[in-house]
Amino acid sequence: MKRLLSKPLRISNNVRVTAKTLIHLIVLGYLGGLFYFGLNDALGADPVKTLIHNSGLTAVILLLITLVISPLAQRLPCADLMKFRRLFGVYAFFAALYHLAIFTVFDLQMNIGLLISEIIRRPYITVGLITFILLLALSLTSFDRIKRKMGKHWQSLHNYVYLTLFLALLHFSWSEKTLLQTSLYYWLVAFVVMTTRSMKIKRLFKFK
Amino acid sequence: MSNKRFTPSVKLTEADVTDQNVFNGRRKLLKSMGFLGASSLLASSGQANAQLFDLFGSSEEETKKPSSYLPLEYKKSKDKSQVLTPYEKVVSYNNFYEFGTDKSAPAAYAHEMTTNPWTLKIDGLCEKPTTISYDDLHNKFPLEERIYRLRCVEAWSMVVPWVGFELARLIKLVQPLSSAKYVAFETYANADEMRGVKSRFAGGGIQYPYVEGLRMDEAMHPLTLMAVGLYGSALPNQNGAPVRLVVPWKYGFKSAKSIVRIRLTDKKPPTTWNILAPHEYGFYANVNPTVSHPRWSQASERRITTGGLLARNRTETQLFNGYSEVASMYSNLNLKQNF
Ligand code: HEM
């Protein structure tokens, strides 16, 4: 594999703590800010839709970042980057949770019957829920203690992250009125990210 | 009938939503906040963010309509029963795919469209085909205000004070032949002025010009309006200037914008969304809570007014959007099959 740097890049503890703090601030600031503007009717004509769209996009973008970290760590190389992966992954789940909460509370306005019938009857919502459950499972098993306990099962569970990305993009495309819309850019980016991990994916399919 | 003024039925009671002035008063001044999120990386969500910034002007500036929109002379509506969707929302949240698929794209790009001079041609199966100019649109027929609910197929709705004239007047003017059974509408499509027409991707993969159609009796119904303005002034471009159709008992996509040709015909005309997804969008597209879109329910809708996230704005959708006076036109039609 071609390496971009001649010497491995190290990230000191200080830099790591600062960077993580910044990531927390940016993600929480963004989602919190959106919510604040939404409450004050300053998010365009339909604040609920704006929130659903922006939180869904945030979840997908964070998922893509999560997936680009390990190829980047190998290619730079910079093993310390791996210490950021879980943060992004869990935030992808958090953004999806926020997305689902906004949909349930402010779009359906707590009409749980409607939520259930929508999940059953609307394929794109069904796919969204499956994606959400996968993200939930990956997040719950992301703690070091559980990871150690799970042994090699951990990796096989977390390989579902590829399926999760695929389903998230499917949900995205399906929610749009026509095919030629924004989600195509995300499929493209996802494709590029996947090619950086093509060895791994080939291996996955061979050993299954 | 022609001289008596037609008053549409109204059945809306929503005391808990506020009007335009309260809406503006509530706005927070958050002008200088730097606010950039991950999702602003892409053009279309960038627009959503731009829209977010745009809204932080002072309330004074916001209520003022751009002077380029000509004030109109018209008979005011006496209907006070419905809470109007604020002007800013009516002109900033539009589906007009010729300018892009994002709801904020029309407001951002529609100013590139030339609306004056304009020619609207009316021809087909009639005695006296004619063309109508920009000025004729405002002067040929007396204008009146109609406050209509607009129900989008995407399950949101607005209440808009349109200014216009009944389509029936225009059709009578050209003296239709008895063989004319349908009315076909064709809208403006100019790749130099519309980014969605120029690029298939920006325009959502739709074949332009956008075409729509009505049955003759639907077109002649006194509810069916040719709108040339809203909120007392000429239509902003993003709302379909200089002239658009408004058919309040049908989903919004039937109400074609920026119309250049109306053709009377004996055959059911092709319609854009039906061509694109025939199992999702029918020719009739009557608002009907019991016929769901394959991908979402049409049983209820969110009314776009004011109040941000906490607005309890979900209301039951009504058959024919509540305009029950049109029901007799469909007494012999299976509404589930002819959606
Ligand atoms: C039960 C779970 C979920 C529900 C009920 C749900 C619901 C929705 C709804 C209602 C929309 C908007 C459709 C529209 O009107 O335009 C949407 C769009 C979207 N959702 Fe979800 N979703 C779920 C899970 C997810 C997950 C897990 C992700 C990502 C990891 C996600 C990402 C997106 C994206 C990217 C969009 C499109 C945003 C846009 O068009 O700008 N959703 N979802």
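Would you check if residue A:59 is modelled with pLDDT of 95 or more, more than 11 Å from every other protein chain (Cβ to nearest Cβ) and in contact with a helix residue (DSSP H, G or I) (Cβ under 9 Å, 6 or more places away or on another chain)?
Values: modelled with pLDDT of 95 or more: yes; more than 11 Å from every other protein chain (Cβ to nearest Cβ): no; in contact with a helix residue (DSSP H, G or I) (Cβ under 9 Å, 6 or more places away or on another chain): yes.
It is false that residue A:59 is modelled with pLDDT of 95 or more, more than 11 Å from every other protein chain (Cβ to nearest Cβ) and in contact with a helix residue (DSSP H, G or I) (Cβ under 9 Å, 6 or more places away or on another chain).
From B:176, B:236, grab the single residue that is in contact with a Cys (Cβ under 7 Å, 6 or more places away or on another chain) and within 25 Å of residue B:139 (Cβ to Cβ).
Working: B:236 fails: in contact with a Cys (Cβ under 7 Å, 6 or more places away or on another chain).
Among B:176, B:236, only B:176 is in contact with a Cys (Cβ under 7 Å, 6 or more places away or on another chain) and within 25 Å of residue B:139 (Cβ to Cβ).
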| message | If a residue counts only when it is hydroxyl-bearing (Ser, Thr, Tyr) and within 16 Å of the ligand (Cβ to nearest atom), which helices (runs of 4 or more DSSP H) contained entirely in segment A:142-208 have at least 3 such residues? | response | A:161-175, A:183-196
| Considering A:31, A:9, which residue is out of contact with any His (no Cβ under 9 Å at 6 or more places or on another chain) and surrounded by 14 or more Cβ atoms within 10 Å (Cβ to Cβ)? | A:31
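The rows are residues; the columns are (1) more than 21 Å from residue B:209 (Cα to Cα); (2) small (Gly, Ala, Ser); (3) more than 17 Å from the chain's Cα centre (by Cα).
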position	(1), (2), (3)
B:230	yes, no, no
B:235	no, no, no
B:252	no, yes, no
B:293	yes, no, yes
B:304	yes, no, no
B:329	yes, no, yes
| remark: Of A:71, A:47, the only residue that is buried (at least 16 other Cβ atoms within 10 Å of the Cβ), within 8 Å of chain B (Cβ to nearest Cβ), in contact with a helix residue (DSSP H, G or I) (Cβ under 6 Å, 6 or more places away or on another chain) and modelled with pLDDT under 95 is A:47
| said: Just to check your reading of the model, which residue among A:102, A:119 is within 14 Å of chain B (Cβ to nearest Cβ), surrounded by 18 or more Cβ atoms within 10 Å (Cβ to Cβ), in contact with a helix residue (DSSP H, G or I) (Cβ under 7 Å, 6 or more places away or on another chain) and among the aliphatic types (A, V, I, L, M)? | reply: A:102
| request: Mind listing whichever residues of segment A:175-188 are surrounded by fewer than 18 Cβ atoms within 10 Å (Cβ to Cβ) and more than 7 Å from every other protein chain (Cβ to nearest Cβ)? | output: A:176, A:184, A:187, A:188
| Do the conditions hold for residue A:88, that is, is it more than 7 Å from the ligand (Cβ to nearest atom) and surrounded by fewer than 21 Cβ atoms within 10 Å (Cβ to Cβ)? | yes
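Per-residue answers, yes or no, for (1) within 17 Å of the chain's Cα centre (by Cα); (2) basic (Lys, Arg):
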| residue | (1), (2) |
| --- | --- |
| A:106 | no, no |
| A:118 | no, no |
| A:155 | no, no |
| A:167 | yes, no |
| A:200 | no, yes |
| A:205 | no, no |
| request: Considering each of A:165, A:140, A:157, A:136 in turn, give the residue that is buried (at least 16 other Cβ atoms within 10 Å of the Cβ) and of a type in the set (A, V, I, L, M). | output: A:165
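Please indicate, with yes or no, whether at least one residue in segment B:259-266 is in a loop (DSSP other than H, G, I, E, B), in contact with a Ser or Thr (Cβ under 9 Å, 6 or more places away or on another chain), closer than 23 Å to residue B:127 by Cα and at pLDDT 95 or above.
yes
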| said: If the requirement is being part of a helix (DSSP H, G or I), at pLDDT 90 or above and either of a type in the set (Gly, Ala, Ser) or closer than 30 Å to residue A:201 by Cβ (or both), which of these qualifies: A:31, A:64? | reply: A:64
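The values are calculated or read from the model by the stated rules, or taken from the named source; none is laboratory data. Note that this is a predicted model, so its numbers are computed, not measured. Heads up, the Cβs are rebuilt from the backbone with ideal geometry, glycines too, and the neighbour counts pull from every protein chain shown.
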